[in-house]
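Q: A single structure is presented below for examination.
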């Protein structure tokens, strides 16, 4: 497994980070035990860091899979706004992940300088936690060009987790060229960059070689997170990254696992999911309706549904 250095100040990690959203209750595609088994398998194959978030609700799953492996690094994120909220999020992560020191902790889904300003108390608390050795590296995740640029100028920031793929799918405030320029700007400042949604939420899986080659070609991007929910997907992705031939049988197995957002017929049309969707992929026609071309399968809509109508299947 190729090792990379995450920015000027970050650690050496495997080029691919295990995106645990795909095995979390937020997406619900596998049971907790099945997900933990897939994660353990990926770690055995050389993946040595994991991306999660407070809303994924899978800290216990990750703790079980990484028991006895303190060398495996974990990234988490939260939507905390105030200092007390951030302290609570950090303590929850430390306790549930069974880690005295957290490797990475990020502010989740920051859109621009105003968003960061609104989370300034939480950011100051992250800086204090870093000074105390509670967390080693801090940063933000974002689907926005302005988020990358604002994050690059944020005092004390070490890492940015931006959306990036060759069609620019999922960028909420600009186009691909603008995102590439923003990433270049951040990378020149020494910030670690690991990309998300390399396959565009499943829309680019028809040509995975092109999707991976593109992200690898972007100067300043050191690594990327890939969501995997089966051993076959782990094998497929690691063969792809190693530039090895992928057996046709394995290609067919993974190809047949096409995913989509399912909206149950008991939807009440409350509209809360529309507000939670960062891509604007949902609209109301008495009930919620998804635009499959815009949906990147993040699952954030499902967490706000009071009737549990939405899930990734």
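Q: Can you tell me which residue is farthest from residue 298 (Cα to Cα) among those in the range 50-65 that are touching a strand residue (DSSP E or B) at 6+ places or on another chain (Cβ under 7 Å) and not in a helix (DSSP H, G or I)?
A: 50
Q: Further, regarding this structure: Select from the range 180-198 the residues that are assigned to a helix (DSSP H, G or I) and touching a strand residue (DSSP E or B) at 6+ places or on another chain (Cβ under 9 Å) and list them in ascending order.
A: Result: 182, 183, 186, 187.
Q: Quick one: how many residues across the range 206-220 are modelled with pLDDT under 90 and over 18 Å from residue 22 (Cα atoms)?
A: 2
Q: Turning to a different aspect of this structure: Can you pull out every residue in the range 214-238 that is over 19 Å from the mean Cα position of the chain (by Cα) and closer than 20 Å to residue 7 by Cα?
A: Selection gives 217, 219.
Residues checked against (1) touching a helix residue (DSSP H, G or I) at 6+ places or on another chain (Cβ under 6 Å); (2) closer than 21 Å to residue 238 by Cβ:
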position: 31; (1), (2): no, no
position: 42; (1), (2): yes, yes
position: 75; (1), (2): no, yes
position: 83; (1), (2): yes, no
position: 110; (1), (2): yes, no
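Q: What is the number of the single condition among (1) buried (at least 19 other Cβ atoms within 10 Å of the Cβ); (2) within 28 Å of residue 151 (Cα to Cα); (3) at pLDDT below 95; (4) over 17 Å from the mean Cα position of the chain (by Cα) that residue 203 does not meet?
A: The number of the failed condition is (4).
Q: Hey, another quick one. Which one is farthest from residue 171 (Cα to Cα) among residues in the range 89-108 that are out of contact with any helix residue (DSSP H, G or I) (no Cβ under 7 Å at 6 or more places or on another chain) and surrounded by 15 or more Cβ atoms within 10 Å (Cβ to Cβ)?
A: 99
Q: Quick check on the range 28-37. Is at least one of its residues assigned to a loop (DSSP other than H, G, I, E, B) and modelled with pLDDT of 95 or more?
A: Scanning the range 28-37, I find no residue that is assigned to a loop (DSSP other than H, G, I, E, B) and modelled with pLDDT of 95 or more, so the answer is no.
Q: Further question on the same structure: Which of (1) under 24 Å from the mean Cα position of the chain (by Cα); (2) modelled with pLDDT under 80 is the odd one out, the single condition residue 263 does not satisfy?
A: (2)
Q: Further question: If residue 284 satisfies every condition in (1) outside the structural domain of residue 179 (by TED's automatic domain parsing); (2) more than 25 Å from residue 149 (Cα to Cα); (3) surrounded by fewer than 18 Cβ atoms within 10 Å (Cβ to Cβ); (4) touching a residue at least 24 places away in the same chain (Cβ under 8 Å) but one, which is the exception?
A: Going through (1) outside the structural domain of residue 179 (by TED's automatic domain parsing); (2) more than 25 Å from residue 149 (Cα to Cα); (3) surrounded by fewer than 18 Cβ atoms within 10 Å (Cβ to Cβ); (4) touching a residue at least 24 places away in the same chain (Cβ under 8 Å) one by one, residue 284 breaks only (4).
Q: If you don't mind, there's one more thing I want to ask. Among the numbered criteria (1) in the same structural domain as residue 48 (by TED's automatic domain parsing); (2) free of Cβ contacts under 8 Å to residues at least 40 places away in the same chain; (3) touching a helix residue (DSSP H, G or I) at 6+ places or on another chain (Cβ under 9 Å), which single criterion is violated by residue 217?
A: So the condition that residue 217 fails would be (3).
The values are calculated or read from the model by the stated rules, or taken from the named source; none is laboratory data. Keep in mind the model is a prediction, meaning the values are calculated, not measured. A quick note on method: Cβ atoms are made from the backbone with ideal geometry, for glycine too, and the neighbour counts reach across all protein chains shown.
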